[in-house]
1. Can we say Val90 is away from ligand 1 (no atom under 15 Å from the Cβ), open to solvent by less than 20 Å² (accessible area, probe 1.4 Å), modelled with pLDDT under 90 and not in a helix (DSSP H, G or I)?
2. Please work out if Glu300 is surrounded by fewer than 22 Cβ atoms within 10 Å (Cβ to Cβ) and either more than 30 Å from Pro339 (Cα to Cα) or within 16 Å of ligand 2 (Cβ to nearest atom) (or both).
3. So, of the residues in the range 143-163 that are more than 17 Å from Arg301 (Cα to Cα) and within 11 Å of ligand 2 (Cβ to nearest atom), which turns out to be surrounded by the fewest Cβ atoms within 10 Å (Cβ to Cβ)?
4. When Ser131 is evaluated against the numbered criteria (1) near ligand 1 (Cβ under 9 Å from one of its atoms); (2) touching a Lys or Arg at 6+ places or on another chain (Cβ under 6 Å); (3) within 30 Å of Leu18 (Cβ to Cβ), which criterion, by number, is the only one it fails?
5. Only helices (runs of 4 or more DSSP H) wholly contained in the range 456-503 count here; list those with 1 or more residues that are touching a strand residue (DSSP E or B) at 6+ places or on another chain (Cβ under 9 Å) and modelled with pLDDT under 85.
6. Restricting the search to the range 228-245, which residues are surrounded by 14 or more Cβ atoms within 10 Å (Cβ to Cβ), of a type in the set (Asp, Glu) and either modelled with pLDDT of 95 or more or more than 16 Å from ligand 1 (Cβ to nearest atom) (or both)?
7. Go through (1) assigned to a helix (DSSP H, G or I); (2) of a type in the set (Val, Ile, Thr); (3) over 20 Å from Met1 (Cα atoms); (4) free of Cβ contacts under 8 Å to residues at least 40 places away in the same chain and name the single condition Thr98 misses.
8. Could you tell me which of the residues Glu303, Glu273 is in a helix (DSSP H, G or I), closer than 30 Å to Leu332 by Cα and out of contact with any His (no Cβ under 9 Å at 6 or more places or on another chain)?
Amino acid sequence: MAAQILITMDDLETAVPLNAALESAGFSTAMFSSLDDARGSVRRENPDLVILTGTVHDTPALTLAALARDSEISTLALLEPTDSERAERVGRLGVTETMMKPARPVEVVETARRLLERRRLQQRTGIIGESPAIQEVLVKIEQMAPVSSTVLVQGESGTGKELVAKGIHDLSPRRGRPFITVNCAALPETLLESELFGHEKGAFTGAAERRLGRFELADTGTIFLDEIGEIPPATQVKLLRVLESRTFFRVGGVQPIKVDVRVIAATNRALREAVAIGDFRDDLYYRLNVLNIYLAPLRERREDIPILVRRFIREFARAQDRTFRGIAPEALQRLVSAPWPGNVRQLRNLIESMVVLAPGSEIRASDIPPDVMDGPGTFLPVRLNQVGGAGGTAGHELEFILRSLVDLKLQVEELRRRLDDHPQRVQVIELTDHATVADVVPESERDGDDTVIYRSGMTMAEVEKAAIEAALREYRGNRRRAAEVLGIGERTLYRKIKSYHLE
Ligand SMILES: Nc1ncnc2c1ncn2[C@@H]1O[C@H](COP(=O)(O)OP(=O)(O)OP(=O)(O)O)[C@@H](O)[C@H]1O
Ligand SMILES: [Mg+2]
């Protein structure tokens with residue numbers, strides 16, 4: 001069904017051509033000259049988008065924008081250029097996006113399309129938020145859904161990782177097939193393996209029957225490996241094998257089992273740091289991190305807080321069957337500035353308790369428990385806090401040093417990985433005394449000019465010289481590229497060229 005767009009007619013010169021452009025782009029539109037009528041239509045028809053063409057500073061326009069906002073309908077305000085400095089304020093009044101007049105109808109149509117697409121995605125995934133961070137997450141979900149590649153979702157506890165995983169599944173061709181969750185932190189090693197891969201009858205004490213593992217149950221669907229950062233080393237190896245071949249054995253089984261499963265993994269640990277300190281296998285990390293989504297903590301996208309608060313109030317008021325008017329501005333302001341170490345989950349739980357406990361029909365500042373405002377503005381990984389010990393200046397310095405060390409280690413790892421990833425251009429072939437290349441390597445497999453021959457008796461320097469010659473030949477004397485491929489600095493290469501008399 002075509003998306004419904006409501007246009008106010010305060011400014012006819014803008015509204016009429018825009019209406020025509022939207023209609024010819026396939027949208028269904030309705031124009032209103034009275035804002036009261038427009039409000040009635042928002043209530044009754046629940047359109048997908050409201051476009052305001054007149055001023056947004058008088059009460060009827062503001063009431064319309066607020067109604068749309070509370071009904072989770074996007075609004076686009078077309079402002080006079082003189083209003084530009086107020087655009088930000090308009091945003092806070094509940095308008096989703098603004099454009100300056102005279103806006104070209106094609107551009108407005110494009111913006112409308114984007115806002116509608118965003119709303120559709122939010123409805124399908126249940127992920128709310130207007131911040132650029134959340135918009136980016138939604139776009140990624142949409143891009144990643146159609147393929148079967150593995151996705152790693154990272155973010156602090158309560159940022160919505162499970163919601164994202166479910167969103168990808170629901171938008172993928174696998175929707176309607178199983179979505180199976182495994183919490184990797186909840187089980188000890190042996191149980192985790194039997195949970196993931198199943199077991200045969202008699203595989204261990206207590207295994208009275210054959211049991212299918214989660215990977216088998218997820219066949220043709222998606223498996224969500226939550227808290228992947230916690231899996232023990234032995235299971236990491238097994239998981240790596242499954243990711244590489246989609247094949248595994250049940251515990252105690254000898255028959256390989258093949259499945260068609262999409263893997264989505266999540267973690268609230270900084271997995272790269274875990275790799276750097278040797279807690280997590282790097283090969284598994286790269287296998288999991290084919291596609292990735294990062295969920296920013298709530299304190300870094302505070303603009304999402306009002307919309308989340310309103311959504312949760314509505315949801316719990318309905319569930320509790322309470323008539324609730326919403327939240328007082330001062331109370332909302334407090335929630336917007338709270339630290340939220342537990343992110344959206346903490347916010348949601350708090351709203352639930354306040355909807356149950358608030359004495360009036362509105363959440364007031366006095367209803368907010370004082371401890372919500374306590375705590376650090378930033379949430380440091382526990383590991384570092386513990387090492388830091390007593391805190392204070394010394395603690396902070398120590399923490400800074402540790403962070404720098406971890407950073408350094410990460411850079412070295414990255415460097416090593418890049419070098420490993422570099423396609424091996426120089427092939428070293430070992431020849432016995434008098435054999436020639438042709439004797440050992442068939443023509444079809446010979447790597448043309450790039451082949452460096454190692455004959456027994458050759459010194460390291462001779463091999464190095466041959467490698468440099470081959471690289472220079474391959475890149476037609478381009479020393480910068482040759483140095484890059486050889487993994488040495490350009491200066492070093494110059495020096496070696498000189499000392500081997502290769503000029
Ligand atoms: N952007 C969002 N919009 C609406 N609800 C959200 C959003 N983000 C999180 N939530 C809600 O917050 C709660 C926590 O989300 P979720 O369980 O997905 O977080 P998580 O990152 O998996 O947390 P943990 O690491 O603790 O498992 C859920 O009730 C979820 O519906
Ligand atoms: Mg979770």
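1. no
2. Working: surrounded by fewer than 22 Cβ atoms within 10 Å (Cβ to Cβ): yes; either more than 30 Å from Pro339 (Cα to Cα) or within 16 Å of ligand 2 (Cβ to nearest atom) (or both): no.
In short, no.
3. Glu162
4. So Ser131 meets the others, but not (1).
5. Where helices (runs of 4 or more DSSP H) fall fully within the range 456-503 and carry at least 1 residues being touching a strand residue (DSSP E or B) at 6+ places or on another chain (Cβ under 9 Å) and modelled with pLDDT under 85, they are 460-474.
6. Once the filter is applied, which keeps residues that are surrounded by 14 or more Cβ atoms within 10 Å (Cβ to Cβ), of a type in the set (Asp, Glu) and either modelled with pLDDT of 95 or more or more than 16 Å from ligand 1 (Cβ to nearest atom) (or both), the range 228-245 yields nothing.
7. (1)
8. Every option except Glu303 fails the conditions.
The values are calculated or read from the model by the stated rules, or taken from the named source; none is laboratory data. These numbers come from a predicted model, not from an experiment. Here the Cβ is made from the backbone with ideal geometry for all residues, glycine too, and neighbour counts use every protein chain on show. Note: accessible area is taken over every heavy atom of the protein model, side chains too, but ligands, DNA and RNA are not part of it. Shrake-Rupley method; radii C 1.70, N 1.55, O 1.52, S 1.80 Å.
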